[in-house]
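Heads up, the thing below is written out as structure tokens.
The values are calculated or read from the model by the stated rules, or taken from the named source; none is laboratory data. The shown structure was predicted, so the numbers you read here are calculated from the model rather than taken from an experiment. So basically every Cβ, Gly included, is an ideal-geometry build from the backbone, and we count neighbours across all protein chains shown. Ligands, DNA and RNA are excluded from the accessible area calculation, which covers all protein heavy atoms including side chains. Shrake-Rupley method; radii C 1.70, N 1.55, O 1.52, S 1.80 Å.
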Amino acid sequence: MPELPEVESVRRGVDEWTSGTTITGAEVADPRILGTTSQRRIDPSAVSGFVSAVTGAHILRAERRGKFMWLCLGEGADLSTADPVASPVPRPELGILVHLGMSGQLRIHSPGEEIHRHTRAILHLSDDGGQPRELRFVDQRIFGHIGVQPLVHGYGRLVPASAMHIAADPLEPAFDPERVMGDLAKKRTAIKVALLDQTLVSGIGNIYADEALFRAGVHPLAVPGRTRKSRLVAVLESATKVMSDALAVGGTSFDALYVNVNGESGYFDRALLVYGRGGQECVRCGTEIVKITVGGRGTHYCPVCQKPPRYR
DNA sequence: ATTACACCCTGCCTGC
DNA sequence: TGCAGGCAGGGTGTAA
């Protein structure tokens, strides 16, 4: 469910509540959360391996690229006050990767608070005042995952190993619009599918892909390789803009499945122009919004504002 | 190499 | 009311 704006909203809350804390212990209620959806047979030692790997670690900060977020781990020393000359600040080498998948949530709790039934893992934290706190990973569908990984170089940054192939997202400094434009222009698949390709540009999911295409006036089945560069630029700019706007209001929530670390919803659902509006009138021209399937995903567009490609 | 598709889950909604 | 089937905001492995 969560796309870039939702994951970033969660990251900000996680960073606020966990950076500077120490992990005093961990629980894994469902080992499947340690694997990906295509690797569901989890070695029994994975749980104890995860727990021992994170216990005692110091959380430096929470970072994000696209829909992937991770906690950078240190060894417990306060790196921020280390003398940079006497002892250069070491870069973190390990991180706890968290991907929310379709239904994942990270929630901050006090110990003893009621445990939601879809809670799959818990990190027990202690802040610098010794106050206990819990970071709980709740995931109804278990499409999300969590795991300790080495940080490696990928597209200009240190990222968890499993995110090495994930391209930069439009809201980070490493984003290279020229490169993305060049690669996008070579694609022969539907532009909607290309926008969802996280190795091309990351962070865009099904909602914001539809919204970006509508705002740019481009049909979801247009082929990038046969579309004017100016149109492709407009789509990328629309995607960036719509995700920034969504982030500013806490993201998009349709239901209780997306909430921030405090359980609060986002408000961008009120600003969606086409997503989920199949059969309703286009806000711009009044034509009925059409819903089709593209790349296996529900796709919404206005047949008048987004003219179908003339080629076929 | 690029593209297409099945699949991993649970829960909810629709229609018969 | 019950139940089968379809659908859901994501990513990956495999095969063509």
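Once backbone amide H atoms are built at 1.01 Å from N, A:G154 has A:V159 as its partners under 5 Å, excluding neighbours fewer than 5 places away on the same chain. Between A:V294 and A:T299, the built amide H atoms are under 5 Å apart, and every one of these is 5 or more places off in sequence or on another chain.
Here the accessible area is traced with a 1.4 Å probe on the protein chains. For chain A, carbon and sulfur cover 51 percent of it.
Given a cut-off of under 8 Å on Cα pairs at least six residues apart, what relative contact order in percent is computed for chain A?
Normalised by residue count, the contact order of chain A is 18 percent.
Tell me which GluC sites (Glu not before Pro) from the stretch A:105-209 have a DSSP coil assignment and no more than 12 other beta carbons within 10 Å of their own.
A:E113, A:E114
Once the 1.4 Å probe is applied to the protein heavy atoms, chain A comes out at 47 Å² accessible per residue. In order along the stretch A:37-45, phi translates into HN-Hα couplings of 5, 9, 10, 8, 8, 9, 4, x, 6 Hz, rounded to whole numbers, per the Karplus curve 6.51 cos²θ - 1.76 cosθ + 1.60 with θ = phi - 60° and x for Gly and Pro.
Hey, got a sec? Which trypsin sites (Lys or Arg not before Pro) in the stretch A:213-261 land in a DSSP loop and have at most 16 other Cβ atoms within 10 Å? Mind showing how you got there, number by number?
Values: sites: A:R215, A:R226, A:R228, A:K229, A:R231, A:K241; in loops: A:R228.
Counting only loop positions with at most 16 other Cβ atoms within 10 Å, the trypsin sites (Lys or Arg not before Pro) in the stretch A:213-261 are A:R228.
Highest mobility in the GNM of chain A, judged by mean-square fluctuation with C-alpha springs under 10 Å and restricted to A:V98, A:V218, A:V283, is found for A:V283. Shape summary: the stretch A:177-271 maps onto an equivalent ellipsoid whose semi-axes, from the alpha-carbon gyration tensor, are 27, 12, 11 Å in decreasing order. Which whole-number percent gives the relative contact order of the stretch A:177-271, counting Cα pairs below 8 Å spaced six or more residues apart? The normalised contact order for the stretch A:177-271 reaches 24 percent.
Amide hydrogen proximity for A:A26: with H placed 1.01 Å from N in the peptide plane, the residues at 5 or more positions away or on another chain lying under 5 Å are A:H124. In sequence order, the stretch A:145-158 has phi-based couplings of 7, 9, x, 7, 9, x, 8, 10, 7, x, 6, x, 8, 8 Hz under the Karplus curve 6.51 cos²θ - 1.76 cosθ + 1.60, θ = phi - 60°, and Gly or Pro positions carry x. For A:W17, A:W70, the ranking by accessible surface with the largest value first comes to A:W17, A:W70, using a 1.4 Å probe. Sequentially through the stretch A:203-217, phi angles give Karplus couplings (6.51, -1.76, 1.60; θ = phi - 60°) of x, 7, x, 5, 5, 6, 5, 4, 5, 5, 5, 5, 5, 8, x Hz, Gly and Pro residues having no value and appearing as x.
As an exercise, take the mean of 1/r over every pair of distinct alpha carbons in chain A, invert it, and state the Kirkwood radius in angstroms.
Result for chain A, one decimal place: 20.6 Å.
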